[in-house]
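What follows is a set of notes on a single structure, which appears directly below.
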Amino acid sequence: MTPTPGTATTTRPPAAPTAASAPETAAEGAAYGTLGDDRKGNVEQIALFAFIAVPFVAILLAIPVAWGGWLGWSDILIAAVMYAVSGHGITVGFHRYLTHGSFKAKRPLRIALAVAGSLAIEGPAIRWVADHRKHHKFSDKEGDPHSPWRYGETVPALMKGLWFAHMGWLFDVEQTSQRQYAPDLMRDPDIVKVSLAFPWLATASLLIPPALGGLLTMSWHGALTAFFWGSLVRIGLLHHVTWSINSICHAMGERPFDSRDKSGNVWWLAILSMGESWHNLHHADPTCARTGVLKGQIDSGGRLIKWLEDFGWAYDVRWPRPERLAAKRTAA
């Protein structure tokens with residue numbers, strides 16, 4: 001059921017589909033079989049390791065590579081554009097739209113947001129949404145897929161928990177049940193197709209930068225440097241910024257709003273995370289289309305949603321309301 005704007009809501013995943021609501025077409029049935037696997041296979045684990053390790057190495061090499069003259073204006077432009085597209089695909093598309101329903105989108109925009117989020121190479125759309133809905137259901141409690149408080153509150157336990165919340169949880173063989181936490185998306189033919197196309201979209205995300213770099217510079221050197229900066233460094237940086245919301249923003253930061261967990265606002269991550277690091281308000285009011293609601297809080301994700309609404313592509317946007325924010329403010 002779609003929440004009425006301005007009413008109190010919590011993020012609750014839909015109930016698991018019953019026999020009556022199970023997919024009726026052969027395509028939907030195949031999608032359940034393909035997307036509904038709740039355990040990672042060996043090949044998936046190896047691919048995951050590669051997509052984490054290689055971009056991370058690229059980040060470590062970024063300064064000496066730039067110092068060596070392997071960084072041009074075309075590399076900066078391509079990396080920035082790809083970061084903005086894939087990053088807003090995650091924060092606006094996967095997160096605020098598909099996970100929380102902060103607004104409604106016309107079909108072309110719905111598909112475009114799902115595709116853009118897939119370019120971040122953080123997993124298929126339905127898998128990402130299922131994990132995040134489960135996170136909200138059990139936030140910083142037993143059952144949370146990636147809480148930094150998993151092992152306790154002592155300094156050694158928190159250090160171990162921060163590692164787990166940042167990256168370690170990704171290697172858990174047991175995965176969140178997509179049937180339980182995202183049955184609505186598993187019955188959506190457009191989102192199912194985008195999720196099934198994830199390997200191809202991930203490949204495209206890697207190949208678009210060198211293709212653009214080669215065309216802009218008309219050289220193999222331009223293609224190679226664009227691949228390094230626009231593919232590897234861009235993906236590595238976006239991954240660690242996203243994972244920092246799971247780890248850092250649940251271990252530190254200001255908490256001006258009441259929430260039932262330890263989510264906090266971390267200002268120095270705001271621009272790179274496209275507003276996601278204003279995490280306290282998000283957990284206090286998960287369906288709100290903006291996360292940066294206080295003075296000076298930069299939230300490019302919220303700004304993009306406003307532009308999409310102005311163009312008529314997004315509608316029924318759940319904008320913050322002053323009385324609702326006042327009710328959620330913590331005592332001074």
Within the under-14-Å Cβ sphere about Tyr83, not counting Tyr83, Lys/Arg +1 and Asp/Glu -1 give a net charge of -2
Net length gained if the chain between Ala80 and Arg321 were fully extended (0.36 nm per residue, minus Cα distance): 83.5 nm
What is the dipole size for the chain, taken about its Cα centre, with +1 at each Lys and Arg Cβ and -1 at each Asp and Glu Cβ, in debye to the nearest 20? 620
Of (1) 1.06; (2) 0.99; (3) 0.96, which one was derived for Rg/Rh (Cα atoms, Kirkwood Rh) from the structure shown? (3)
Flagged as over-length at 20 Å C-alpha distance, from Lys134/Lys262; Lys262/Lys328; Lys262/Lys306, the pairs are Lys262/Lys306
Consider a paramagnetic label point 7 Å from the Cα of Asp184 along Cα→Cβ; state which residues of the range 306-323 have an amide N under 17 Å from it. 314-319
Going by C-beta contacts inside 10 Å, put Tyr315, Tyr97 in order with the fewest on the left. Tyr315, Tyr97
Farthest toward positive dipole pole in the range 39-255 [+1 Lys/Arg, -1 Asp/Glu at C-beta], among Leu48, Phe198, Pro156: Phe198
Over the range 39-255, what is the relative contact order in whole percent, taking alpha-carbon pairs under 8 Å and six or more residues apart? 30
Between the residues Ala58, Ala116, Gly168, the Cα farthest towards the positive end of the dipole of the chain, that dipole coming from +1 and -1 charges on the beta-carbon of Lys, Arg, Asp and Glu, is from Ala116
Would you compute, from DSSP H runs of 4+ residues alone, the mean residue ellipticity of the chain at 222 nm, taking -39500 (n - 2.57) per run and dividing by the full residue count, rounded to the nearest 500? -15500 deg cm²/dmol
Would you mind computing, in nm to one decimal, how far apart the modelled labels at Val173 and Ala204 are, each placed 7 Å from Cα along Cα→Cβ? 3.4
For the range 97-102, take each phi angle, set θ = phi - 60°, evaluate the Karplus expression 6.51 cos²θ - 1.76 cosθ + 1.60, and give the result in whole Hz per residue in order, putting x for glycine and proline. 8, 5, 7, 10, x, 5
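We did not get these values from a lab; they are worked out from the coordinates using the rules stated. Please read all numbers here as calculations on a predicted model, not as lab measurements. Positions of Cβ are backbone-derived with ideal geometry, glycine not excepted, and every protein chain shown enters the neighbour counts.
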